[in-house]
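Encoded as structure tokens, the structure appears first; notes follow it.
Just so it is clear, none of the values below were taken in a lab; they were calculated from the coordinates. What you are looking at is a predicted structure, and each value in this text was computed from that prediction instead of being measured. Backbone-built Cβ (ideal geometry, glycine too); neighbour counts: all protein chains shown.
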Amino acid sequence: MIRGIRGATTVEANDAKIIHSQTEALVKTMIEKNKIEPEDVAHVIVSVTDDIDQAFPARPIRELPGWQFVPVMCTKEMSVPGGLPYCIRVMMTVNTSKEQQAIKHIYQHDARQLRPDLLDE
């Protein structure tokens, strides 16, 4: 079965090192909580808000061990009045035998407000 796994985080500044470290931390948590193997990943889409443009957040994902062949693409998030600033969102499409309700979606930092109903605490 193919399932989507969502994740989101925020950064405190439009800085390449921060963008990379926060994206890496988010994706590593998504991998750990959902026991994801790179060969089970169809693709990863990463979106950023308009205020993030100093680095491609796909880079630290591609640099994870075994992830160099996983298709990863960056895109811009819709700009909506009142939207969460400095936000990085990840949609990972994976092959898994898990039921939909067993998927652990990960929301970190200020992005926790996006889906408080899905927080795993």
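Would you kindly derive the ³J(HN,Hα) couplings of segment 51-58 from the backbone phi angles with the Karplus curve 6.51 cos²θ - 1.76 cosθ + 1.60 (θ = phi - 60°), listing them in order in whole Hz, with x for Gly and Pro?
Residue by residue, segment 51-58 yields 8, 10, 8, 9, 6, 8, x, 5 Hz.
Is there a pair in LYS76/LYS98; LYS35/LYS98; LYS33/LYS76 whose C-alpha atoms are over 20 Å apart, and which pairs would that be?
Numbers: LYS76/LYS98 30 Å; LYS35/LYS98 10 Å; LYS33/LYS76 26 Å.
Exceeds cut-off: LYS76/LYS98; LYS33/LYS76.
Given contacts defined as C-alpha pairs under 8 Å and at least six residues apart, what's the relative contact order of the chain, whole-number percent? Intermediate values should be presented prior to the final figure.
Values: 225 pairs, mean separation 50.9, N = 121.
With pairs under 8 Å counted, the relative contact order is 42 percent.
Just tell me which aspartates and glutamates come within less than 13 Å, Cα to Cα, of LYS28; anything on the same chain fewer than 8 places away is out.
GLU37, GLU63
Between GLU99 and ASN14, what is the label-point separation in nm under the 7 Å Cα-to-beta-carbon projection?
That separation, rounded to one decimal, is 4.5 nm.
Can you list which of the chymotrypsin sites (Phe, Trp or Tyr not before Pro) found in segment 1-98 are DSSP loop residues with at most 13 other C-beta atoms within 10 Å? Working shown, then result.
Values: sites: TRP67, PHE69, TYR86; in loops: TRP67, PHE69, TYR86.
When the chymotrypsin sites (Phe, Trp or Tyr not before Pro) of segment 1-98 are filtered for loop state and at most 13 Cβ neighbours within 10 Å, PHE69 remain.
Can you give the charge dipole size of the chain about its Cα centre, rounded to the nearest 20 debye, using +1 on the beta carbon of Lys and Arg and -1 on the beta carbon of Asp and Glu? Provide the component values of the computation, followed by the final result.
Numbers: 14 positive and 17 negative charges, 52 e Å.
Computed about the Cα centre, the dipole is about 260 debye.
Would you list the P(r) distribution for segment 2-118, with all Cα-Cα distances sorted into 5 Å bins from 0 and each bin expressed as a whole %?
For segment 2-118, the pair-distance distribution reads 2, 12, 24, 26, 19, 12, 4, 1.
Under 5 Å between amide H atoms, partner at least 5 residues away or on a different chain: which partners does ALA8 have, H built in plane at 1.01 Å?
Residues meeting the amide H criterion: VAL90, ILE106, TYR107, GLN108.
Which whole-Hz ³J(HN,Hα) couplings does segment 66-82 yield from phi under the Karplus relation 6.51 cos²θ - 1.76 cosθ + 1.60, θ = phi - 60°, glycine and proline marked x?
Those phi angles translate into x, 9, 5, 9, 6, x, 10, 9, 9, 8, 8, 6, 4, 8, 10, x, x Hz.
Pairing the Cα long axis of helix 16-34 with the longest principal axis of the chain, what angle in degrees results, from 0 to 90 and rounded to the nearest 10?
Approximately 30 degrees, to the nearest 10.
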